[in-house]
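Heads up: the structure comes next, in structure tokens.
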Amino acid sequence: AQTVTQSQPEMSVQEAETVTLSCTYDTSESNYYLFWYKQPPSRQMILVIRQEAYKQQNATENRFSVNFQKAAKSFSLKISDSQLGDTAMYFCAFMSPREYGNKLVFGAGTILRVKS
Amino acid sequence: NAGVTQTPKFQVLKTGQSMTLQCAQDMNHEYMSWYRQDPGMGLRLIHYSVGAGITDQGEVPNGYNVSRSTTEDFPLRLLSAAPSQTSVYFCASSRLRGVYGYTFGSGTRLTVV
């Protein structure tokens with residue numbers, strides 16, 4: 001079974017600075033998808049960025065980018081120019097198309113606090 | 001476009017009571033699922049459905065039932081509530097087998113006393 005590990009329970013960063021959240025996963029699959037979700041205090045789960053494992057190029061969405069290291073099974077999220085609105089819980093998630101139901105497997109989450 | 005709608009947003013139950021959490025999506029997504037979120041454990045899959053009339057168990061199915069009679073609706077039933085079922089529940093749906101990610105509802109905070 002696939003597992004996802006987020007080793008940083010909490011992190012903090014100053015406004016306008018850059019922060020990187022770590023995620024590692026374990027799988028024997030070669031084709032899969034990775035996601036970062038943001039959960040602000042409103043509780044809503046918001047998709048931040050996705051990565052397809054067969055694409056070597058790292059995904060980027062505005063201030064959010066990933067460092068995808070397939071051999072190391074690592075998928076970190078970099079937030080540039082941090083803003084107060086980035087304060088949230090961030091979840092890393094894995095999905096394999098070969099697994100029936102295409103279920104998301106989540107890490108335990110990292111609480112990010114952006115300080116002014 | 002409402003997306004994924006969950007009701008209620010908050011609920012308090014007494015031990016042994018039953019209830020149904022409602023979930024509806026208007027995006028014609030074939031995949032729907034229920035997760036529970038507990039502190040320090042991320043989100044864990046309870047039940048899921050790959051289409052109308054088809055459901056299956058996830059990681060933590062005990063104490064819960066689901067049905068999928070239409071593409072739009074995927075209710076979650078708690079048969080006899082227990083304090084261990086105190087949690088935040090999320091319904092999610094996706095198209096194209098989830099490769100573009102899932103869309104989540106706003107969650108239901110359930111407390112069982």
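Where a number appears in this text, it was derived from the coordinates with a stated rule and is not lab data. Every value quoted in this text rests on a predicted model; they were computed, and no experiment measured them. Cβ placement follows ideal geometry from the backbone for every residue including glycine, while neighbour counts extend to all protein chains displayed.
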Does any residue of the range A:10-22 turn out to be under 24 Å from B:GLY40 (Cβ atoms) and outside any strand (DSSP E or B)? yes
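Tally time: how many residues in the range B:73-94 are small (Gly, Ala, Ser) and more than 14 Å from chain A (Cβ to nearest Cβ)? Even if it seems obvious, please write down each step before you answer.
Keep residues of the range B:73-94 that are small (Gly, Ala, Ser), which gives B:80-82, B:84, B:87, B:92-94.
The next check asks that each one be more than 14 Å from chain A (Cβ to nearest Cβ); those that pass are B:80-82, B:84.
Looking only at that region, the number is 4.
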Quickly run through the range B:58-78 and pick out the residues that are within 17 Å of A:LYS103 (Cβ to Cβ) and either touching a Gly at 6+ places or on another chain (Cβ under 9 Å) or among the aliphatic types (A, V, I, L, M) (or both). B:GLY58, B:VAL60, B:VAL66, B:ARG68, B:LEU76
Close pairs from the range A:29-51: first within 10 Å of A:VAL66 (Cβ to Cβ), partner acidic (Asp, Glu), Cβ under 9 Å, at least 6 apart: A:LEU34/A:GLU52; A:VAL48/A:GLU61; A:ILE49/A:GLU61; A:ARG50/A:GLU61
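When you look at B:THR55, is it in contact with a helix residue (DSSP H, G or I) (Cβ under 8 Å, 6 or more places away or on another chain) and polar (S, T, N, Q), yes or no?
Numbers: in contact with a helix residue (DSSP H, G or I) (Cβ under 8 Å, 6 or more places away or on another chain): no; polar (S, T, N, Q): yes.
So B:THR55 does not fit the description; no.
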If you go through the range A:27-64, how many residues are away from chain B (no Cβ under 12 Å) and crowded, with 16+ Cβ neighbours inside 10 Å? 2
Can you find a residue that is surrounded by fewer than 19 Cβ atoms within 10 Å (Cβ to Cβ), part of a strand (DSSP E or B), of a type outside the set (A, V, I, L, M) and under 13 Å from the mean Cα position of the chain (by Cα) anywhere in the range B:79-94? no
Of the criteria (1) more than 14 Å from chain A (Cβ to nearest Cβ); (2) closer than 13 Å to A:GLY101 by Cα; (3) charged (D, E, K, R), which one B:ARG97 fails: (1)
Select from the range A:93-109 the residues that are more than 7 Å from chain B (Cβ to nearest Cβ) and crowded, with 22+ Cβ neighbours inside 10 Å and write down the one among them that is nearest to A:SER80 (Cα to Cα). A:ALA93
Name the single residue that is farthest from A:LYS38 (Cα to Cα) among those in the range B:39-57 being part of a strand (DSSP E or B), out of contact with any Gly (no Cβ under 7 Å at 6 or more places or on another chain) and more than 7 Å from chain A (Cβ to nearest Cβ). B:ILE54
